[in-house]
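A short write-up of the structure that comes next.
What follows draws every value from the coordinates through simple rules; no lab data is involved. Just so it is clear, the structure is predicted and the values come from calculations on it, not from any experiment. Quick reminder, even Gly has a Cβ in these numbers, built from the backbone with ideal geometry, and neighbours come from all protein chains shown.
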Amino acid sequence: MPTIKIHLEHEELDAIKRFANSLHVCPEDIAYASLHQMMLQAGDLDTVTEIKQTLDWRGNVLPAWSDSARSVHIYESKPDDEQQPSPVGSVRSIPPLVH
């Protein structure tokens, strides 16, 4: 039987495995069913456009359905909240400890 190999990032495969486990099927079943659905829509212009657009971003961006382990979290993209240095010769007040 001929074989088609799909190279996935770990974050993609992990999401597919979880989905397959929830349906009590194997990841290959998910891949085959997805290919089946895509081939049924092969003549649709939106499907052709989706395939071509996916090829453009694949490898640079993880898909929305994958795990986001490597994505930049919102808090990581914000600048550090550092205190401004005190002017020379001034004394900073230290807030009292509350028990």
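Overview of values
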{"read-out": "Spin-label pair His7/Met38, simplified geometry with 7 Å Cα→Cβ offset, distance in nm", "value": "1.6 nm"}
{"read-out": "Cα gyration tensor shape for the stretch 10-59, rounded if a/c is under 1.5, else prolate or oblate", "value": "oblate"}
{"read-out": "Full-extension gain in nm, Thr54 to Ser22, via 0.36 nm per residue minus C-alpha separation", "value": "8.9 nm"}
{"read-out": "Which of Ser22, Ser34, Ser66 has the fewest Cβ neighbours within 10 Å, and the rest in rising order", "value": "Ser22, Ser34, Ser66"}
